[in-house]
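Each remark here refers to the structure printed beneath this line.
Each value in this text was obtained by applying a stated rule to the coordinates, not by laboratory testing. Since this is a predicted model, take the numbers as computed values, not measurements. A quick note on method: Cβ atoms are made from the backbone with ideal geometry, for glycine too, and the neighbour counts reach across all protein chains shown.
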Amino acid sequence: MKKYTLITGACGGLGKSFVKLCAKNGENLVLTGTSETKLKNLVDEFAEEFKEIDVKTAVLDLSKPEDRKNIMKFLVDEKIEVNRLINNAGVIIEGDTMRFSEDEILNAIEVNCKGTVDLTMKCLNNRNKEEKFEVLTVASVASSYPIPHMAVYAATKAFLVSMMTGLSIELEKENVVITTVCPGGMATTQAMKDSIASMGLGGKLSCTPTDKVAKIALKALKRKKKNVVTGGFNKFLVVIGKPFSKAFLARSTGRIWKKSQAKRNF
Ligand SMILES: NC(=O)c1ccc[n+]([C@@H]2O[C@H](COP(=O)([O-])OP(=O)(O)OC[C@H]3O[C@@H](n4cnc5c(N)ncnc54)[C@H](OP(=O)(O)O)[C@@H]3O)[C@@H](O)[C@H]2O)c1
């Protein structure tokens, strides 16, 4: 059976960089996203890059349990053997936590945590145990501290780092490699561009182009690293926070985020 890399959120900013790089590596791809039209446009956009590989697309809204079931049926029906899963899809919610509706908060948790874990477990359970299986999960530098005014997002990413790192140790003797990548800022959506600009020099220093993030992440996966933080400034931010209490860090990050959000009229 042909082997495939499955990418979630393939139509997004970082998603496209993973698509480009994996296609360049000659990997067959299963591209997933929430919109059939966007997936079709993605295939058209990369027609040249996809000439030498087999590419399948499937709608997968990670917040929907039935979509998570359907994708597995699709893989079985199409005789697709996934040997690499890239958990790239994520929902970024930013602002005072109490302003979000229950649905908005639960959706972020459903997509970033529950949906991602469910898909990962399903793919692991369906893997060919004779072969190596790789999981790359996109978390964030935001996982390193509690962040007031971005509390839910930071917590979902902290969950992913903790869970994936734990699982990676459990499965390392079973030929399963699990890497979590923590990027800082990436200028993907307009909201992220505005956020990075409002952070001034810190925002600029934390920012890494998506192609570079994808390259660093896939290199770390190849080297079987459990975790990788992109960029020197982001590594510094993670290390410098280590001796301090969570409450102290939360107060500091809270001040930075409040200031940045005030500039954006949140
Ligand atoms: N941008 C940053 O500064 C930054 C920093 C650190 C980490 N990250 C993380 O990097 C990853 C990629 O983000 P990005 O910056 O490239 O943003 P993006 O362009 O908005 O991409 C996010 C992707 O997530 C997908 N997605 C959203 N809700 C979904 C759902 N319910 N089910 C399935 N997929 C869903 C979207 O798919 P559709 O397009 O198909 O709707 C979209 O392609 C995310 O995990 C994000 O948290 C971003």
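Structure above, values below:
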read-out	value
Inter-part distance where the stretch 1-37 and the stretch 161-195 are each reduced to a Cα centre, Å	16 Å
Folded to 0 to 90 degrees: helix 36-45 orientation relative to the chain principal axis, Cα	80 degrees
Residues whose placed amide H lies under 5 Å from that of Leu85, excluding near-sequence neighbours	Leu6, Glu134, Val135, Leu136
Phe236, Phe100 arranged by Cβ crowding within 10 Å, fewest neighbours leading	Phe236, Phe100
The stretch 228-245-the stretch 134-149 distance, computed between alpha-carbon centres (Å)	12 Å
Shape category assigned to the stretch 3-263 from the gyration tensor of Cα positions, a/c cut at 1.5	prolate
Nearest 10 degrees, 0 to 90: helix 13-24 Cα axis against the chain principal axis	40 degrees
Rough spin-label spacing in nm, given labels placed 7 Å along Cα→Cβ, for Thr165 and Val239	1.6 nm
Trypsin sites (Lys or Arg not before Pro) within the stretch 36-107, DSSP loop, no more than 16 other Cβ atoms inside 10 Å	Lys51, Lys79
Contact order relative to length of the chain, as percent, for alpha carbon pairs under 8 angstrom and 6 or more apart	18 percent
Spacing of the two label points (7 Å from each Cα toward its C-beta) at Arg99 and Leu21, in nm	3.4 nm
Helix-derived mean residue ellipticity, 222 nm - over the chain, DSSP H n ≥ 4, -39500 (n - 2.57), to 500	-15000 deg cm²/dmol
Tilt relative to the chain, helix 151-171 - C-alpha long axis, 0 to 90 degrees, to 10	50 degrees
Per-residue Cβ neighbour rank within 10 angstrom, fewest leading, Cys182, Cys113	Cys113, Cys182
Per-residue Cβ neighbour rank within 10 angstrom, fewest leading, Glu27, Glu174, Glu45, Glu94	Glu174, Glu45, Glu27, Glu94
Prolate/oblate/rounded call for the stretch 188-252, Cα gyration tensor, a/c under 1.5 rounded	oblate
